[in-house]
Amino acid sequence: MEELNPRFTFETLVVGAANRLAVTAARTVGEAPGTAYNPLFVYGGSGLGKTHLLMAIGHLARELRADIDVEYVTLNEFVELYQAAVAAGQTDALRSRLARADVLLVDDVHFLARRHELQAELLRLVEQLQGANRQIVLTSDRPPTEIQDLDDRLISRFDGGLVVDIDTPEFETRLAILRRGVADREVAVEAEVLEVIAGTQVQSVRELIGLLNRFIAFQAVSEIPLTAAAAGQLLAGQVPATPDGQASALPQDNTDEFAAFLSGISHTVQEQVDVWRHRVQEAISQWASEGYRTDRLERLLRQEVPSGIERTIREYERDIDRLRGFQRAMARVDPQRVSEPEFFDPDRLKDADELVQAALREGRPPPGPSPAWTMADLVTGGSNRVAMSAAAAVIATPGAVYNPLVLQGPDGVGKTHLLHAIGNALGKHGTRVACLTAQEFVDELLDAIDGDRIDGWRRRYRGTTALLIDDVQLLAGKERSQEELFHLYNRLLTEGRQLVFTIGAPPSEVPGLDPRLVSRLQGGLIAPIGPPDRDVRRGLASARLAARYGDADPDVAEYLAESQFESLRALVNAIQRLVRMADAEGTSPTLQLARTVLEGVPRTSVSTRPVRTSGMGLSLSSALHSHEKVVWEWPELTDRIVEVSA
Amino acid sequence: MSLVNFTTREISCKIVYYGPGRSGKTTNLQYIYGRVPDDRRGRMVSLATETERTLFFDFLPLDLGSISGFTTRFQLYTVPGQIYYGSTRKLVLQGADGVVFVADSQVRQLDENIESLQGLQANLIDMGSNMRSMPLVFQYNKQDLPSELILKARELDDALNFWDIPSFSSDAVQGKGVFETLRAISESVLRKLSTEAPR
């Protein structure tokens, strides 16, 4: 905000008939801001002392109350502040700052013409200040009703206060202004001379001061005080003769009149002949001041004889409307990105559109649970009973009990299955469930950081009603990811959203995991899942075999249940191998076959069919003995396959 | 007459100083001629009789140089004031973009002023124009004469200026009011262009 010019006080203001009412109103306002004439609207031509009056109010208010908050701002400055605030996403901060002023002085509001957004902003401000009995004073070069396209509500607000004009000063005031000017400059000028100058019809005080300056300059070089007659000559644009009859040595030669004529004509040509140029320049300055690129309009100016100027401007303005539409769409998706340059270049409509589309894409739901894993496929046993019952409770009342639910256990015991199953069950309630591995979480975050889309990424997860993260121990050592999860966690928890995690070990035993996160995980329920117990093994084996063969030999399931498996995964693998072998032999799984698979007992009957195997030098049976994962997709498979006949 | 050529970016204005004989039209042009730098003015053509009365017309071309990218030329003409050169006046008036009516402020010249003004009005109507549509300013010359001999500007306005046209007091010999008049008529002419500019 600009400082008040220390010279612009009521003491230095010359009061005459032309400005008496305005000055009286201004004084009243300065003495008791907010109590009378609010808003005070002062209008008058350029150079008649509006700014002086405005600042005088500020000075007076400060003089009477040292702690008063006086803000002076020109409309242009207001525009800049507003744009900067929009760009920084801090419009609220600007609003509250302006609304805090005890006296807000706004100069040159005629620039509001056709700026609807700013008008709305000003309206809001006026209402706010009025409501809080804070003073607002505005100046303009024309009355509110003559400001082009000014919002009626603003006009009525201004009318509701006091609208007062400053006219061109009459002779006596002009003389008083000149006398003060002479006194300020500490020069001696004869009273008659001042009267001659004051007798000139001027449009503004500024012009009058200009005349006085011209006169003082002439007098300074002529070394003796000029006479009234000389002043008259000088004002008529002539060079006064010095007392010895010689023309003054000042550069007031014969061509001066012509030069003045020429400059006047130039101005008229610019304004009238190149009226289109004027129109285009006006549009450029308007839109440029609002931050839009104006290359298209500038190209018009470079043309000799442009055609369709109005059409081009109309199209340009229509494109700006569209940009604003995109900007509004973006504001809904990602308010942080409304200031992207694409939204301020009417020649990049497509880019702006794409930007919005991309933001919308980012707004897609986060990854959900795999539909393949359901609660129905799970078998409850001693090893997972707590986890299963907690899962049921969570599904029944998400967010209300066990939040977060942490499924903790070694690899392959069914944590992931349970996690996804919970996710699927929660998803049935129409909730937006995010279910992903910690690694995916990290990767997405890195992508978002890399693409500068972190806000979109955050919003995406903040919008979920349940967040399920698998293998949270993988976040160990990844500080930023933990940080993000921490904030996300707090936010979701506050909002009563359900959180479920799986972890390979008790959180406190995972090195590199942020203690804040550890304590939060511990704050929920840590439900252990152990290696599958007998019940689980039997249940799973019977379910799988039954699903495949209908009435499978119960002894096989029993045998599998009796066998030791470190994990469900190992059990499932064994069942898969058994099924394969049975398929190869064209039978359903038998106890003997199961034994062969698990214990490597030689079979009594061997298929004569050739068996394909990898060329790893392992016998078929020893390969099947392995508890390692069976890899079905070898790289360059054809190179490695050999055919053997048993 | 093409006043503004947007293709070649040229502006040319024809301004005619009209008025009764001896009102000071040529003096206006001479004063202007004296104030224009050499490189900006063409030769002032004055067809005058031996007694220095304009026989045919005066012509002063002014090159104002490039203004906003427009090569700007003004052509200032005067018409012969005497009653019997009616057809010449009409000829000179053809294609005028603006007219300065130079009135003689002397009381005894009032009738001549009125007669000349009526002639102007008739000529304009013949050209398909009129006092309202043609850019026009009044100049009340010889205001430097003793006040008992002249009519004041206000009185002349009452007597001649029924159209509320801008008027200027002048003393063309001394140059007072000459450029003000020229500037006013020039602006009036140029302003008329705003309605003809490309859109």
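Things worth noting here:
- B:Glu155 being away from every other protein chain (no Cβ under 14 Å) and closer than 26 Å to A:Gly232 by Cα: yes
- Annotation note: of A:Leu48, A:Leu40, the sole residue that is under 19 Å from A:Arg134 (Cα atoms), touching a residue at least 40 places away in the same chain (Cβ under 8 Å) and within 43 Å of the chain's Cα centre (by Cα) is A:Leu40.
- Taken over the range A:110-154, the criterion of being part of a helix (DSSP H, G or I), more than 28 Å from the chain's Cα centre (by Cα) and of a type outside the set (D, E, K, R) is satisfied by A:His110, A:Gln130, A:Gly131, A:Pro144, A:Thr145, A:Leu154.
- All told, A:Arg491 falls short of being more than 24 Å from the chain's Cα centre (by Cα), among the charged types (D, E, K, R) and modelled with pLDDT under 85.
- No other residue among B:Leu182, B:Leu145, B:Leu151, B:Leu136 is over 27 Å from A:Ser266 (Cα atoms), modelled with pLDDT of 90 or more, buried (at least 20 other Cβ atoms within 10 Å of the Cβ) and out of contact with any Lys or Arg (no Cβ under 9 Å at 6 or more places or on another chain) apart from B:Leu151.
- Any hit, the range A:270-290, residues being more than 60 Å from the chain's Cα centre (by Cα), at pLDDT below 75 and either at negative phi or within 14 Å of chain B (Cβ to nearest Cβ) (or both): no
- Residue in the range A:418-425 that is among the β-branched types (Val, Ile, Thr) and more than 22 Å from A:Pro532 (Cα to Cα) present: no
- Residues of the range A:99-109 satisfying the condition of being in contact with a helix residue (DSSP H, G or I) (Cβ under 8 Å, 6 or more places away or on another chain) and either surrounded by fewer than 20 Cβ atoms within 10 Å (Cβ to Cβ) or within 14 Å of A:Asp152 (Cα to Cα) (or both): A:Ala99, A:Asp102
- Residue that is surrounded by the fewest Cβ atoms within 10 Å (Cβ to Cβ) [pool: residues in the range A:512-541 that are among the small types (Gly, Ala, Ser) and in contact with a Gly (Cβ under 8 Å, 6 or more places away or on another chain)]: A:Gly512
- Residue within the range B:140-152 that is within 14 Å of another protein chain (Cβ to nearest Cβ) and of a type outside the set (Gly, Ala, Ser) present: yes
- Residues in the range B:11-40 that are under 21 Å from B:Ser68 (Cβ atoms) and either among the aliphatic types (A, V, I, L, M) or within 11 Å of chain A (Cβ to nearest Cβ) (or both) were compared, and the one that is surrounded by the fewest Cβ atoms within 10 Å (Cβ to Cβ) is B:Asp39.
- When B:Phe168 is tested against (1) more than 14 Å from chain A (Cβ to nearest Cβ); (2) outside any helix (DSSP H, G or I); (3) of a type in the set (A, V, I, L, M, F, W, C), just one condition goes unmet, and that condition is (1).
- Residue among A:Glu77, A:Glu63 that is more than 35 Å from the chain's Cα centre (by Cα), surrounded by fewer than 18 Cβ atoms within 10 Å (Cβ to Cβ) and not hydrophobic (A, V, I, L, M, F, W, C): A:Glu63
- Output for the range A:388-420, where each listed residue is within 18 Å of A:Asp471 (Cα to Cα) and in contact with a Lys or Arg (Cβ under 9 Å, 6 or more places away or on another chain): A:Asn403, A:Pro404, A:Leu407, A:Gln408, A:Gly409, A:Asp411, A:Gly412, A:Val413, A:Gly414
- Counted residues, the range B:172-186 - those being without any contact (Cβ under 8 Å) to a residue 40 or more places away in the chain and either more than 10 Å from every other protein chain (Cβ to nearest Cβ) or among the small types (Gly, Ala, Ser) (or both): 1
Per-residue answers, yes or no, for (1) of a type in the set (A, V, I, L, M, F, W, C); (2) crowded, with 17+ Cβ neighbours inside 10 Å; (3) farther than 30 Å from A:Arg328 by Cβ:
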{"position": "A:Lys350", "(1), (2), (3)": "no, no, no"}
{"position": "A:Leu360", "(1), (2), (3)": "yes, no, no"}
{"position": "A:Pro366", "(1), (2), (3)": "no, yes, no"}
{"position": "A:Asp377", "(1), (2), (3)": "no, no, yes"}
{"position": "A:Ala396", "(1), (2), (3)": "yes, no, yes"}
{"position": "A:Leu407", "(1), (2), (3)": "yes, yes, yes"}
{"position": "A:Leu426", "(1), (2), (3)": "yes, yes, yes"}
{"position": "A:Glu444", "(1), (2), (3)": "no, yes, no"}
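- Subset of the range A:60-77 [hydrophobic (A, V, I, L, M, F, W, C) and closer than 18 Å to A:Arg134 by Cα]: A:Leu60, A:Ala61, A:Leu64, A:Ala66, A:Ile68, A:Val70, A:Val73
The values are calculated or read from the model by the stated rules, or taken from the named source; none is laboratory data. Every value quoted in this text rests on a predicted model; they were computed, and no experiment measured them. Because the Cβ atoms are built from the backbone with ideal geometry, glycine has one as well, and the counts that use them run over all protein chains shown.
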